[in-house]
Amino acid sequence: MMENILSILIFFPLVAAFVIFLFFRGGKTTMWAAFIATIIEFILTIPLMTSFDKTTAAMQFVEKADWIPALGIQYYVGVDGISILMIFLTTLLTAIAVLGSFTYIQKRQREFYLALLVLETGMVGVFLALDFFLFYIFWEAMLIPMYLIIGVWGGKRRIYAAVKFFLYTLAGSVLMMLAIIALFFKHGEVTGIYTFDIMAITAQAVKYTTGFQTIIFLAFFLGFAIKVPMFPLHTWLPDAHVEAPTAGSVILAGVLLKMGTYGFLRFCLPITPAASISFMPFVAILSVIAIVYGALVAMVQSDIKKLVAYSSVSHMGFVTLGIYAVNQAGIEGGILQMFNHGIITGALFLLIGAIYERTHTREISEYGGIAASVPLFATIFLIFTMGSIGLPGMGAFIGEFLVLVGAFEAFSDYAIIAASGVIFAAVYMLWMYQRVLYEGLNNRWEKLKDMNLREIIYITPLLIIVFWVGVYPETFTSYMHESVKNLVEQVFTAGVAMK
Amino acid sequence: MHLEVLILLGPLVAFLINGLFGRLYIKNNAHFVAIAGVGLSWIVSIITFFRVMGGHSVDATLYNWVAAGKFNIPFGILVDPLTAIMLIVVTTVSTMVHIYSMGYMHDDEGYWRFFTYLSIFTFSMLILVMGNNFLMLFVGWELVGLSSYLLIGFWFYKKSAADACKKAFVMNRIGDFGFYIGLLLVIVTFQGLNYSDAFQYEAIQAIKANTYTVFGMQFSLIDLMTLGLFCGAMGKSAQFPLHTWLPDAMEGPTPVSALIHAATMVTAGVYMVARCNALFSEAHITSMVVVYVGMFTAFLGATIGLTQYDLKRILAYSTVSQLGYMIMATGVGAYVAGIFHLFTHAFFKGLLFLCSGSVMHAMHNDLDVRKMGGLKKKMPITYWTYLVGCIAIAGIPPLAGFWSKDEILAMTFANGHMFPWFVATVVAGMTAFYMFRSFFLVFEGTPRNQHMHDHAHESPATMTGPLVFLAILSVLAGAVFGYPLENGFIHHFLGPVLTPEGAHPHHLEHSTALMLMILSIVVAAAGIFISWLYYIKVPSLPGKTVKAFKPVHTFFYNKWFFDELYDALIVFPIVTISRFLWRGFDVNVIDFTVNAFGKVPMFIGGVARHLQTGRMQTYIFTMVVGVIVLFTIFYTV
């Protein structure tokens, strides 16, 4: 089984979706079927994690087969230290998102879970594909279910939000496709072999001229920057988050945003190393702007979800800053921060969703003092609030620390500005926390029910992980040491060889 | 496994047990768990203290914590004389406060929650003093901030408490921002964060002359590094300009004020500077900044303390002022004196706060000293112990405060900082005055509110017990540890870790030292005498003085208007700018552009209808053009 584990991981959700489509008609049984399917998918990642060889940077569990040989298209998947944590995050958050939707989604239940399962196949596929054509298919396949999740099960302005999300992402996809086609021809020209093989194309990076690299870099960069999202391409995110149902927000923040930064790591840095190096300061500036800008705008939001959405812009700024420091500490911090942000922001959206189901409002001003009526919720919400602020003992602290160390080595001035994010994060998160949970109890919420068993169950794994990363990050960073080391060397040897 | 690990485990386990099971199962028995935890720490700390006296020390890695590339930061503990002293301070006061809280928090519905928070605080503070590297220090640093947040906001349903806890956290974070920069400079300079890497004499000498460029400006590396670290101390130890959170922190329950906001957490900055003496002693610009920040804070706190009517606020400003002394001491290079004052201050200020809690208990949570008076007979134990605390802080020998404060003054003088010495001496007189002012107003004279007075009563034994214990320490700790001047036990004990290599400590002539000592006693006595004159002998004097110096009084009484200033200069502009960025930029510029783009496809859609002709030739033609365009792009570049 282990030799086909990646294909199983990719297609199991799709098969499950098909089964649900054929044999289920909505209601409780459908939910449970979907939940069981996603749990099996998650359990399948555990042998992957345990039998992963941490001592090599090479692709593992590789499966390779010709698909359309005439065009050099293959079915080619593999996993390395950069993608493995993303797989773990994806399957975990999807299972949790399903459990978090049981009472939230009331209409067209079966279709909702179908969309989630198809989405999961797309997401896992994106992180595992090693062929550009395959990658692009998964990338686009992912877009549609997400569009539907926002557009069908979203809030009042869901159509506007969904279309905005779709247009933004589509613009990015088109640019990416052009870059891929150009790479296909360029690689053919350099080697005589026309292929979409990502590894083969990456291996020839030294032979691409700097001018060509710059164009490719910019096309990829724009495509992925929209996804991250980086300033100033971020405005789809607050709308999408606010309108999306809880599960949509969790997946969006937890996994989809990471595809942008994953793209930087997998394509921009190794395929266009010379261009990447010359664009380092540019990306760093954008990252720093995102950190400060996102934090400032988050501070003045009146809708809890919007606040967390803008905080994501700020936190993802740390990720891009770390990645473009192009050193071990920075990139490892960036990847760890991708993981942490997925866990913490995912949890925050779940908690906001849980309270929204009870109160039907997300306006901060309509809350007040509810810590008195929902003490358990208050405690758990505080833990993730503090996690988001980057309190030591929890994951984000380690991630931010590594990013700042890496960035400080590469460009200390930007790192200093970025570090001011630790102040702003405390301001907007604690101000929100105070207005929602502290002060006098708004008597509308006296009878508010505290978290129920199902909610406790889905939040517990996230609680465990957030502390685990904070106390013993090596469990997670040990996966990436070799791959990151290799990546940094790759960029610099190629980048230097060009000059 | 090292025995000292138990010091950390005690409160941690207590925290976990109470945190997980407190609400549903343990409830009002939470103190058993918490006191068992802190008690274990206390006992092991005392054992550790004696072992360290015998030459024992630990610098050990428990496990590799953060590793990335060339950096490897351990989760490690360090036990040396400085740590041993801090352990004694933290666990002693913490244990007393735990016991006291059994009585004080008796009827509170959040009883278990309170003890849970006390445990996490104690654990965090112990991490702070026991870590063997800067990152551990920072972890403790941030976690005490969290505990402080939780405990100030313990009665979260009060708006004032909710505001105060957020303010404390944010003000601390501003300092931590600087600390973070300092930490990053340490890691890139010394290629590690372990104290043993960063405090090496040779390594420091090697980088002493280096400069570092920030935003195009050149700075001395070591000054920049220490200045960054010191920003953290300004936040945590409530130094100007980040001092405004500490008085507001009095919204928390009084035992918390005693433990966190007087004895332990707020002294973390002093500990940090003393710990980094190897770096600070080489950073001359920073040292200057430290001296003057400390001096000014001491003065600032005292001036405000003179005018307040809320008993806990008086004590809070007194803490701000005393912290200024300690910081100033570290600035002049008198690290031992600074830590010594930290040590004695922990006991007498902890005592004073616990006494104020006892008074509060008697006065049904009213803290206005104008409503008190004549409580001497009603609460004799509180009366006597408060008096001890006042004498100790005023600096009357042989009580504890005298020894440490006198030493700070003497060392400041000896190191040639005449102006700071002068200001600090004046502040010593002010301290004696306002502390005795509070004492006279609360305990002496006649009751000013008969109804409240009639209901006043002495506190239960769980509360008075710790008072007596701390009072004994306030009497003895100074003379036992600090006599004779510059040559006492504490000097021999701490000297080896707190004397930077290559430093040339200044010593005073015996006669000069004696002169200074007499002077400081006279100043303190004068302060007490004037206080007696004002509040016992001629009670009309205070009113007249206030009238005569109306503007000055208003200025001091309103805390120099710092809060208003910050609101106007910092908070308001930032919020305004943020609103503009959101509404002005995000919505009007970016989204406007995006929506405009959205309109373009609609227009193109209209045109495109004509292109979809269904004719094969058109499609092929378009494809060929597309491919040609692509080829042109990548062949030309």
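The values are calculated or read from the model by the stated rules, or taken from the named source; none is laboratory data. Predicted model, so just to flag it, every value in this text is computed and none were measured. Please note: Cβ atoms are built from the backbone with ideal geometry, for glycine as well, and neighbour counts cover all protein chains shown.
Could you please let me know if A:ASP80 is surrounded by fewer than 20 Cβ atoms within 10 Å (Cβ to Cβ) and in contact with a strand residue (DSSP E or B) (Cβ under 7 Å, 6 or more places away or on another chain)? Judged against the criteria, A:ASP80 is not a match. Residues to consider are B:SER101, B:SER45; find the one that is closer than 23 Å to B:GLY357 by Cβ, more than 14 Å from chain A (Cβ to nearest Cβ) and within 27 Å of the chain's Cα centre (by Cα). Of the residues listed, the single one that is closer than 23 Å to B:GLY357 by Cβ, more than 14 Å from chain A (Cβ to nearest Cβ) and within 27 Å of the chain's Cα centre (by Cα) is B:SER101.
Scanning the stretch A:282-310 for residues that are β-branched (Val, Ile, Thr), within 11 Å of chain B (Cβ to nearest Cβ) and surrounded by 24 or more Cβ atoms within 10 Å (Cβ to Cβ) yields a single hit, A:VAL297.
Inspection of the stretch B:147-168 finds no residue satisfying the criterion of being among the β-branched types (Val, Ile, Thr), part of a helix (DSSP H, G or I) and at the interface with another protein chain (Cβ under 7 Å from one of its Cβ atoms).
Taking the criterion of being under 14 Å from B:VAL66 (Cα atoms) and within 9 Å of chain B (Cβ to nearest Cβ), the residues of the stretch A:471-485 that qualify are A:VAL471, A:TYR472, A:PRO473, A:GLU474, A:THR477, A:SER478, A:HIS481. Taking first residues from the stretch A:211-232 that are within 11 Å of chain B (Cβ to nearest Cβ) and partners that are of a type in the set (Lys, Arg), the Cβ contacts under 7 Å between residues at least 6 apart in sequence or on separate chains come to A:PHE212/A:LYS186. Going by what's in this entry, would A:ALA396 be described as more than 11 Å from chain B (Cβ to nearest Cβ), more than 25 Å from B:ARG579 (Cβ to Cβ) and out of contact with any Lys or Arg (no Cβ under 7 Å at 6 or more places or on another chain)? Yes: the conditions hold for A:ALA396. Please enumerate the residues belonging to the stretch A:266-281 that are surrounded by fewer than 24 Cβ atoms within 10 Å (Cβ to Cβ) and aliphatic (A, V, I, L, M). Passing the criteria: A:ILE277, A:MET280. At least 2 residues being away from chain A (no Cβ under 14 Å) and touching a residue at least 40 places away in the same chain (Cβ under 8 Å) is the threshold, and among the helices (runs of 4 or more DSSP H) wholly inside the stretch B:499-595 those reaching it are B:510-532, B:550-557, B:562-566.
Among the residues of the stretch B:363-384, those identified as more than 29 Å from the chain's Cα centre (by Cα) and of a type in the set (A, V, I, L, M, F, W, C) are B:MET372, B:LEU375, B:MET379, B:ILE381.
From the set of residues in the stretch A:161-177 that are surrounded by 18 or more Cβ atoms within 10 Å (Cβ to Cβ) and at the interface with another protein chain (Cβ under 9 Å from one of its Cβ atoms), which is nearest to the chain's Cα centre (by Cα)? Going through the qualifying residues, I end up with A:TYR168.
Taking the condition touching a residue at least 24 places away in the same chain (Cβ under 8 Å), more than 10 Å from chain B (Cβ to nearest Cβ) and over 25 Å from B:PHE169 (Cβ atoms), does A:ARG362 pass? Criteria not met by A:ARG362. If we keep just the residues of the stretch B:64-79 that are at the interface with chain A (Cβ under 7 Å from one of its Cβ atoms) and either within 15 Å of B:LEU8 (Cβ to Cβ) or in a strand (DSSP E or B) (or both), which is modelled with the lowest pLDDT? Out of the qualifying residues, it is B:ALA68.
State whether one or more residues within the stretch A:454-462 are surrounded by fewer than 19 Cβ atoms within 10 Å (Cβ to Cβ), more than 13 Å from chain B (Cβ to nearest Cβ), more than 30 Å from B:LEU151 (Cβ to Cβ) and hydrophobic (A, V, I, L, M, F, W, C). There is at least one residue in the stretch A:454-462 that is surrounded by fewer than 19 Cβ atoms within 10 Å (Cβ to Cβ), more than 13 Å from chain B (Cβ to nearest Cβ), more than 30 Å from B:LEU151 (Cβ to Cβ) and hydrophobic (A, V, I, L, M, F, W, C).
Conditions tested, residue by residue: (1) surrounded by fewer than 22 Cβ atoms within 10 Å (Cβ to Cβ); (2) within 12 Å of chain A (Cβ to nearest Cβ); (3) in contact with a Gly (Cβ under 7 Å, 6 or more places away or on another chain); (4) part of a helix (DSSP H, G or I).
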residue	(1), (2), (3), (4)
B:LEU183	no, yes, no, yes
B:VAL186	no, yes, no, yes
B:SER196	yes, no, no, yes
B:ILE204	yes, no, no, yes
B:ILE222	no, no, no, yes
B:GLY232	no, yes, yes, yes
B:GLY235	no, yes, yes, yes
B:HIS243	no, no, no, no
B:LEU246	no, no, no, yes
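Is it true that A:GLY155 is outside any helix (DSSP H, G or I) and touching a residue at least 40 places away in the same chain (Cβ under 8 Å)? So A:GLY155 fits the description; yes. Quick check: is even one residue across the stretch A:407-423 closer than 26 Å to A:GLY333 by Cβ, more than 7 Å from chain B (Cβ to nearest Cβ), of a type in the set (Val, Ile, Thr) and assigned to a helix (DSSP H, G or I)? Taking every residue of the stretch A:407-423 in turn, at least one turns out to be closer than 26 Å to A:GLY333 by Cβ, more than 7 Å from chain B (Cβ to nearest Cβ), of a type in the set (Val, Ile, Thr) and assigned to a helix (DSSP H, G or I). The residue list B:ILE408, B:ILE391, B:ILE381 contains one member that is within 25 Å of B:GLY324 (Cα to Cα) and either free of Cβ contacts under 8 Å to residues at least 40 places away in the same chain or surrounded by fewer than 24 Cβ atoms within 10 Å (Cβ to Cβ) (or both), which is B:ILE391.
Screening A:GLY81, A:GLY172, A:GLY154 for residues that are of a type in the set (Gly, Ala, Ser), more than 30 Å from A:LEU48 (Cα to Cα) and in contact with a Lys or Arg (Cβ under 8 Å, 6 or more places away or on another chain) leaves exactly one candidate, A:GLY172.
Within the stretch A:437-451, the set of residues being away from chain B (no Cβ under 12 Å) and of a type in the set (A, V, I, L, M, F, W, C) comprises A:TRP445, A:LEU448, A:MET451. A:ILE251 passes every criterion in (1) within 14 Å of chain B (Cβ to nearest Cβ); (2) in contact with an Asp or Glu (Cβ under 9 Å, 6 or more places away or on another chain); (3) aliphatic (A, V, I, L, M) apart from (1). Taking helices (runs of 4 or more DSSP H) as the structural unit, those lying wholly within the stretch B:271-368 and holding at least 2 residues that are surrounded by 24 or more Cβ atoms within 10 Å (Cβ to Cβ) and not hydrophobic (A, V, I, L, M, F, W, C) correspond to B:284-307, B:311-331, B:335-362. Exactly one residue among B:LYS236, B:LYS208, B:LYS166 is under 16 Å from the mean Cα position of the chain (by Cα), of a type in the set (Lys, Arg) and at pLDDT below 90, and that residue is B:LYS166.
Among the residues of the stretch B:411-424, the ones that are among the small types (Gly, Ala, Ser) and surrounded by fewer than 24 Cβ atoms within 10 Å (Cβ to Cβ) come to 2 in all.
Counting only residues that are within 14 Å of another protein chain (Cβ to nearest Cβ), within 23 Å of A:HIS241 (Cα to Cα) and not hydrophobic (A, V, I, L, M, F, W, C), the stretch A:321-346 holds 3 of them. Being within 30 Å of B:MET411 (Cα to Cα) and polar (S, T, N, Q), is that true of even one residue in the stretch B:351-370? No, there is no match, as no residue in the stretch B:351-370 is within 30 Å of B:MET411 (Cα to Cα) and polar (S, T, N, Q).
In this structure, B:VAL427 does not qualify as at pLDDT below 90, β-branched (Val, Ile, Thr) and buried (at least 17 other Cβ atoms within 10 Å of the Cβ).
Taken together, the residues in the stretch A:225-262 that are assigned to a loop (DSSP other than H, G, I, E, B) and of a type in the set (S, T, N, Q) amount to 1.
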